[in-house]
Each structure stands twice: as C-alpha cells, then as structure tokens.
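See structure below.
The values are calculated or read from the model by the stated rules, or taken from the named source; none is laboratory data. Model, not experiment: these values are computed from the prediction. Cβ atoms come from the backbone with ideal geometry, glycine included; neighbour counts cover every protein chain shown. The accessibility values were calculated without ligands, DNA or RNA, using every heavy atom of the protein model including side chains. Shrake-Rupley method; radii C 1.70, N 1.55, O 1.52, S 1.80 Å.
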Amino acid sequence: MFQIEVHPFSFLLGFASATIFWLLLTRARPLWNEMRANLKEQREAAESRKTNTVEENHRRITLRRAQGMHLAAQLFALDEIIQEPLVIAPLQNAEPGMPPKFEDVITQTLPYLPAWPEIAAVYQPQMLTLSEALAGNANIVIVGQPGVGKTVSLAHLASLAANRSEKLGTLKSHVPFLVHVADLRLPIADPKDALNPLIDAASEHAPLFDVGKLPDFFKNTFKNGHALLLVDGFDEIPPESQQVISEYFKIILQNYPQTRIVTTGAPEYLDGLIPIGFAPLTLCTWSKLQSEKFMQQWGELWSRTVAMEVWSQNSPDQVDPILLNIWLGADNTHLTPLELTLKAWGAYAGDSLGPHILEIIATHIRRVAPANTPLAALETLGMQVMLNSQPIFDPRKARAWVKSFEVVEENTEGETSEAQPEEITDEAKEDTKPQKGKKVEKVVARPTSGLLGKMAASGLLITHPHNKMRFAHPVFAGYLAGHSLAHYNVEDTILSQPDWSGKYLAMRYFAAHGDASKLIQSLLEVSRLPIHRPLFAAARWLRDAPKNASWRGKLFSALAAIMQTEGVPLSLRGQAMAAFVTSNDPSAATLFRQFSTSLSFELVQLAVLGSGAMRDVKAINSLENVMGAPSLSVRRAACMALVAIGTNESLEIVAQTLLTGDEDIRRAAGEALANDENEGYSMLRDGTTINDILLRRAVVYGLGRVHHTWALDTLKKLQVEDEQWVVRNAATEVLDARANAGSLAPSKLRAPSDTPWLIEFAGKQGMGISPGVPATDILLSALKGDDPDVRIAALPFLKYTPNEGVINQLYSAIYKDDPELREAAYNTLWEIGLSGVNLPHPSQYGFG
C-alpha cells in the first residue's frame, strides 16, 4: 500500500491561498456583476444608437417624400398649402346599457351619405381630423372620389408621424412607413417574409449605409407595435389586385397584430378590407370657406415664390392676386381639391385653355406633357391602361401601345445626351439602332428611354421599382382614356370590366366627350335596390356632360323616382338628392322647390336640404313656410338650408327663430348659424349676453360647433359664470364632447364571446357563446328582438357573416318603421356591398 504524506506547511499554504482566493472572488462578485451590466448597457446603447440613426434617417426621408406627394409639389411644400383633411364621423355603434355619445342636431338631421361628401361639406356634420380618426384602435380606409385628396391625407399623416406631432396622441412615437401599392412586390412566398416588400421599398430611398440595417429596424418596430403603415393606391387598382393587397394586410396583421394601417379606397369597391376589420371613413370635400382659404394661400405663396422666378417675370404682367381670387371664387361649386388646384394654377400661370373643368384638366396635361408630344399618344396610353385594367403597367409592354408615336431623337456626333430614368433604360436599346437610309457617320441615334421615359421625366408618369409605371394621377388617365374612347364603339368592353375606379373614370369622361346613351341605358338596366350603385355612379357624369345630352332626362327621371320612394332608407333617397345637387343643373333647384310642397315629410326634408346645398335664393320663401311644419326634422333642415343660402333675408329668418322659437328649433337655429363665419358668428356672440335662458342654451350648442379659440373661451366662461344651471350644463356637455372628439373614431369590435351585452342577451335566451364562434344565430335573434339598442348593436357584427339569412334580416330591418334601425341596417348593407358581396334585389325575400 501507498502512504500519503501530508506536509503541514504545504497544506496550510494551499488552504490559506484557497481561502484568500474565494474571499477575493466573493468580494469582487458585485464588481463583476456591475461590469457585466455595464457591458450589456454599452451593447444596448450601441444598438439603440444604430437603430435611432436608422429611424431618424427614415423619418427624415419619409417627411421629405410626404411633402412632395401632392399635385403642386414642384411649386410648394405640402405643409405650405394643405387644408386640414377631415373625415365624416361614422355612424356610432350602440352599446346597450351605456349612454349614447353626443350628437349635434346637424348630424341628426342630415342623412349619412358616405358616397356623397359634397353635402356634408355644405352642412358640416360632425367631422374628425385624421389624428382623431386614429384615436380608436381600428385600421381605417380613407374613402373618396378621385381627386378628393386621399393621397394628400396619407402624406399629411406621414408628416405628423415623422415629426412626432402631439396631435397623434398615443401614436406620437409610431414610425410611419409610407408606400404606394406599386412599390410592393407581391404576393410573397412565405408569410414569415411579410416585411420584405416594405424593406425593399424603403431601400429605394434609404442612405446606402442604412440599407443593411433596415431589416432589423423594420422587424423591431413592427414587433414592438410602433408601426404606422400608410399604403396609397389601393383605390386605384382593380379588384384582382386589391385581393392581393388585402391578403398582404391580413398577413401583416397576423404576424404583427399591433400594427396600425391606413389605406385609401374608392366608393365602388373595397375588396377584402371590410372582412379583416378595416373601417371605411369618407374624406370630406372642401367647404366654401376652405376653398376660399386655399385660393388665398395659393395667391400669397405664388406672389412670394413663383412670381419672383425669372421665367415668370418675363411672362405677361401679373394680375393682382386679390382680383384673381375674386374671379376664381365665382364658380367653384362642388369642385374637388384636385380641380381647384388645377384651376388656381392655370389662372395664376396664365396658360388656362378655358374656364370649364374639362379645359382646366386639359391645360394641366398639356403643361406636364413632354414637348411636341402628340395628344393622340397620350390618349392612346390612357385608353390602353383603362381597357387592359392596368393602372400600374409594365413600361416594356406599354411601349408597344405607343410604338407608332415613337420618334428617335438625333444628335450630331460628339454631343452628350441627357440621362434617362434607370427604371426604363431597357427601352433605350432599341432606340439606338441606326435607321435605314440615315448617314450613321454624321448622325447618331440618341440614347433615350423613348416616349414613356419623356413622360416620366416631365412628371406625367411616375416610375416605380421592378419595371412599374403609372399616371401621376388617375384623373389624368381617365380623362385621356375617355376622350379617346369617345371615338370608338367600346361600351360593351368597358361595361364588362369588374367595378373599379378606373372604369368609372373612363366612363365619366367618355360621357363628357361623346354620346353615352348606350352606357346609361345599360347601367340603368342593372341598377337595383338596395344600393343602386350603377345609377349613382352615372349620376356623377351629369356635372361635366353636355347640357343637351339626350340621356340626361332618363337619369334625372330615375333619380327623382328614388327620391320620391317612400318606405326606403333616407340614406338611399338622400343620395338621389345629392346627385341632383352636384349636377349643377338649374332644373334641380326647381325640382326641389316643387318637392318642398309635398305631403311627405321625408321628401320635404330632402328637398329643403337640396335647396340649401344649391344655395337657391328663390327657395327662401318656401323654406320660411316649412319652418311651421309639424315635423321637427323638416324645421331643422329649413334652418340649415337658410344659413347655407347665406343672404341677409335668409339669415334674418333664422335669427328670428333663434329669438322666438321653441326649445328644439332654437337649438337647431343656433347650431346652423355656426356654419356662417360672418353674421352667424356675430349672432352667436351677441346671444351669450341676452337675458333669455333658452336663447343662451341654444347659443351654447352653436358655439360648440365653432372651432376657434374665442368660442372655446366663451364656452368655458359660460360653464362657470352663467347664472342658470341649464346653460352651465349645456356648456359642460359641449365642452366634454369637444374634448372627447376621438371617441367618435371607429374601434375594433370585441369578439362576441367577450361582448357583455351579447353575453347577457344570450343568457336570457338560455344560450351560450363559445370563443372563436361568430354567434350569428344569437345576433340574428338580437336583431329580431324588441330592444331597439340591442337591435342596432347587433348590426356591426353581422356584416362579417353576410350569408343569405343575414341578408334577409337586414332587408327586413330597412323596411321597418324604426328610422334609426333602418338607417343603420342600410349602412351595414352598404359596407357588405363594398366588400364585394353581390346583394340580391329585396324582392327575392319579399320586400320592396
């Protein structure tokens, strides 16, 4: 056996060394932990600095792009000329057991007309800024006709987000991702790569050193729920392409459910958006005051900037902006912001071809088209875009459309040629081939991208990555297409296309330049209840079409018939009224005056609103007469119409009503006067000092609709100092409503299994609601029930399951005697129709 010899000294030395080592290690552990924490903080700080740098660069680039996303970008930045975009507040969802949200008299009286915001622009029902519209948690689609300002609205939102504006509230720190659908390479092969199309699009604008950092930046931002995705162009593309985009949105929301998305939509079709929870909000056209303010801003900016340019100083003498604006303001009835911009531009530049809106559009196309380009070439391109349903087209294919108009530009040897856009340089190869019969040794074909490249360089076309092009605005494509198609028999080809904005634009300008009788006849044959989309689409052609067009009478007759149909929703009949108003036809005013003598209160209400929207001075006497009608809605409408007409006589009638009317009509008069910035504001100011409780109460509700600091200060003073509690309470109610304007914004619906009122209702029926189940049967039972709040609360859920049973009950609802249910059910049907469901005629279910 071996013996282990222990040396005491060595043992003690080793024991002491180990003890000292562990003692030092124990004492050093906090220091070591601190060092590790410091290293971690340094790594995180470095990562944060890297991310912050990428984010700040991204915000800066987004802001710069957004400021150039408007028609007059070559003249002014967006923030210099923008008018605050406003959307019409949506119909509010009922919540049984909860008090209803504040709603002013104007909103109660005016039918909800999301497809005709021109009427809202006159009467100013409750509106939301885009920031307020995002105060809910819903993703939204901004709906409007081409030219109403949807792209500008997205650019405005992008600018607010890029600048971390306080207006955005809880979304202040969100990062804007602004793209056009043409920038996205879709569909994607793997849902895990959902962000790749956005990253690729951002790479086109990002600094070179940031490109490699973009994937991590995008993933972190979307994962943390700080992404505000703004997608333009959804309204411009046909249904097949919309399905691809909406499917992409669905993937984004599945992977990153906290992402907020805002996109644009056309009133004809929103394929795929409604089923995934998007809320359609209608962008309002400009009011008379906004149009005047825009013209004033344009004149001031033009005088300070454009008028000082050398080319402008060498042009004919500049006209005084004040005189120009007086002339420009003479006839702006129901023009879109795009049309007003073109009108102002043509007037100040002095190159307008004429006062008609068609001439104004033609002026701008000529302004931005390449020099010496035949109009036939532009029209051919527009026509092919529409006939092929390709608003976003491949320039390599489109070159064949305009090939006959191509001209090879020639330079003498030794001259340098201009650089052409990279996206279309493939086209230059063919243009460089020597032409037969030419002396190649003396003359050389200039490297060029051809006619399409010139259009892109001039600004008529816009290029996108991956060989994509589009017109700078769909209105230009529609105008050129309509002008060209008017010379061909292509009505059947156009009508056979699915509904999309380009189709309706082409038909609109076709009707303005040619005989649209065949189109009108075909559309009237397929137009039917409950929506009548073809009829109302054709009604928009009336404004620009020749006054002697043979088909106008048929269209007016169909509209008048709908307006007079009793027992259908006011929102449907109101669209016919709006169509008459926007036609600008003098006969419409006469028709409204005739209808105002009807025994039908609903027809009188619509006729009165129509007279006011047309500012028909001849209707003042009849409007004064209906102020004594037994219907409160008619009397309210008369107050609104008289203020809209805006003469001393009409305003005096409303002022007398404010002084001597009953409580309800006084409030209507006070709110109506808030739409007049001159005499109306003065009357409201004076009313706060009059010793009449009902008068001051009415004035308070009027001041609640005045969005100026002085009105807010006056309300706060009345809230505290007025002697009567009735007035103080009214001031408190109005101030609370103003402070909580965002409560009118759309919000996501809770799942049926998480909805308290529905759970309670199901319990009373002896039923339960399982998670993940749509609960359609229970919701239909609620819709058939006796509780009015429960009936209306069920409607928003039912639009997600539009089966035959649901459609049947919705039709039943729109033919009931309950006006509130009828209007809410009709709006649900409108949204179902927008989502692509083919709604049958109500007669299929025994209605209508």
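Treating the Cα atoms of the stretch 241-388 as identical point scatterers in vacuum, please give the log10 of the normalised Debye intensity I(q)/I(0) at q = 0.11, 0.16 Å⁻¹, two decimals.
-0.67, -0.99
Quick one: Debye curve from the alpha-carbon atoms of the stretch 55-126 only, equal weights, vacuum; give me log10 I(q)/I(0) at q = 0.15, 0.25 Å⁻¹ to two decimals.
Log10 of I(q)/I(0), two decimals: -0.74, -1.09.
Give me the dipole magnitude in Debye, nearest 20, for the stretch 598-653 about the Cα centre, with unit charges on the beta carbon: positive for Lys and Arg, negative for Asp and Glu. Intermediate results must be reported in sequence, preceding the final value.
On the way: 4 positive and 5 negative charges, 20 e Å.
The dipole magnitude comes to about 100 debye.
Considering only DSSP beta bridges where both residues belong to the chain, give the percentage that are antiparallel (nearest 5). Display every interim value, and only then the final one.
Values: 13 of 31 bridges.
Around 40 percent antiparallel, to the nearest 5.
Just order 485-496, 696-707, 347-358 by mean Cβ neighbour count inside 10 Å, highest at the front, would you? Please report the intermediate quantities before stating the final value.
Details: 485-496: 14.6, 696-707: 25.2, 347-358: 16.2.
So the order, starting with the most tightly packed, is 696-707, 347-358, 485-496.
So which of 468/503; 343/403; 219/250; 250/799; 468/518 end up more than 24 Å apart by C-alpha?
Numbers: 468/503 20 Å; 343/403 33 Å; 219/250 17 Å; 250/799 18 Å; 468/518 34 Å.
The answer is 343/403; 468/518.
Considering the Cα trace of the chain, what is its radius of gyration and what is Dmax, both in angstroms?
Cα radius of gyration and Dmax of the chain are 31.9, 131 Å respectively.
Give me the net charge for the shell around residue 491: Cβ to Cβ below 15 angstrom, other residues only, Lys and Arg +1, Asp and Glu -1.
Numbers: positive: 503, 508, 518; negative: 492, 515, 525.
My count for the surroundings of residue 491 gives 0.
Heavy atoms only, 1.4 Å probe, whole protein assembly: order 750, 552, 636 by accessible area, highest first.
Working: 750 120, 552 10, 636 35 Å².
So, going from the largest accessible area down, we get 750, 636, 552.
Which net charge results when you count Lys and Arg as +1 and Asp and Glu as -1 among the other residues whose beta-carbon is under 11 Å from that of residue 574?
Working: positive: 573; negative: 602, 823.
Net of charged neighbours comes to -1.
At 1.4 Å probe size, with every protein chain present, just tell me what the per residue accessible area of the chain comes to in Å².
Details: 38630 Å² over 848 residues.
I get 46 Å² per residue for this part.
At 25 °C and a viscosity of 0.890 mPa s, what translational diffusion coefficient does Stokes-Einstein give for the stretch 586-705, taking Rh as the Kirkwood radius over Cα pairs? Give it in µm²/s as a whole number.
Details: Rh = 13.9 Å.
Rounded to a whole number, D works out at 176 µm²/s.
Could you sort 271-281, 708-718 so that the peptide with the highest average Cβ count within 10 Å comes first and the rest follow in order? Working shown, then result.
On the way: 271-281: 21.9, 708-718: 15.0.
So the order, starting with the most tightly packed, is 271-281, 708-718.
Could you work out the pair-distance distribution P(r) of the stretch 706-765 from its alpha-carbon pairs, with 5 angstrom bin width and percents rounded to whole numbers?
Values per bin, smallest distances first: 4, 16, 16, 13, 10, 8, 8, 11, 10, 5, 1.
With +1 on the Cβ of every Lys and Arg and -1 on the Cβ of every Asp and Glu, and nothing else charged, how large is the dipole of the chain about its Cα centre, in debye rounded to the nearest 20? Kindly include the intermediate steps, with their values, before the conclusion.
Working: 77 positive and 94 negative charges, 257 e Å.
Using Cβ point charges on Lys, Arg, Asp and Glu, the chain gives about 1240 debye.
Over the stretch 510-639, what portion of Cα pair distances is larger than 24 Å, expressed as a whole percent? Provide the component values of the computation, followed by the final result.
Details: 2438 of 8385 pairs.
Percentage above 24 Å: 29.
Using the beta-carbon distance between residue 816 and residue 743 and R0 = 41 Å, what value does 1/(1 + (r/R0)^6) give for FRET efficiency, to the nearest 0.05? Before the final figure, lay out each step's value.
On the way: r = 28 Å, r/R0 = 0.69.
For R0 = 41 Å, the calculated efficiency reads 0.90.
Highest first, please rank the peptides 682-693, 251-262, 605-616 by the mean number of other Cβ atoms sitting within 10 Å of their residues. All intermediate terms of the calculation are to be shown ahead of the outcome.
Values: 682-693: 15.4, 251-262: 17.4, 605-616: 27.3.
Going by the mean number of other Cβ atoms within 10 Å, highest first, we get 605-616, 251-262, 682-693.
Could you give me the ³J(HN,Hα) list for the stretch 265-272, computed from phi with Karplus coefficients 6.51, -1.76, 1.60 and θ = phi - 60°, whole Hz, x at Gly and Pro?
Taking θ as phi minus 60°, the curve returns x, 9, x, 8, 6, 9, 4, x Hz for the stretch 265-272.
Principal axis lengths of the stretch 139-215 from Cα atoms, whole Å, largest first?
Answer, in whole Å and largest first: 33, 29, 22 Å.
Could you compute the FRET efficiency for residue 200 and residue 300, with r as their C-beta to C-beta distance and R0 at 60 Å, rounded to 0.05?
Once the sixth-power term is evaluated, E becomes 0.90.
Quick check: residue separation of residue 736 and residue 803 times 0.36 nm, minus the Cα distance between them. What number comes out in nm?
Details: separation 67, 0.36 × 67 = 24.12 nm, distance 4.05 nm.
Roughly 20.1 nm would be gained on extension.
Farthest toward the dipole's positive end in the stretch 131-220, which of 198, 175, 138, given Cβ charges of +1 (Lys, Arg) and -1 (Asp, Glu) about the Cα centre?
138
Measuring from centroid to centroid over Cα atoms, what is the spacing of the stretch 481-519 and the stretch 777-848 in Å?
34
Show me the trypsin sites (Lys or Arg not before Pro) within the stretch 130-195 that DSSP assigns to loop and that have at most 16 other Cβ atoms within 10 Å of their Cβ. Can you show the working numbers first?
Numbers: sites: 150, 164, 167, 172, 185, 192; in loops: 164, 172, 185.
Filter output for the stretch 130-195: 164, 172, 185.
Taking only Cα atoms of the stretch 728-848, what ratio of Rg to Rh do you get with Rh as the Kirkwood inverse-distance radius? It would help to have the intermediate numbers written out before the result.
On the way: Rg = 16.5 Å, Rh = 16.0 Å.
My calculation puts Rg/Rh at 1.04.
Less than 13 Å Cβ to Cβ from residue 246, Lys/Arg counted +1 and Asp/Glu -1: what total charge do the surrounding residues give? List each step's numbers first, then the result.
Numbers: positive: 250; negative: 235, 240, 247, 271.
That works out to -3.
Shape verdict for the stretch 45-164, please, from the Cα gyration tensor: rounded (a/c under 1.5), prolate (a/b greater than b/c) or oblate. Kindly include the intermediate steps, with their values, before the conclusion.
On the way: a/c = 3.38, a/b = 1.56, b/c = 2.17.
Oblate.
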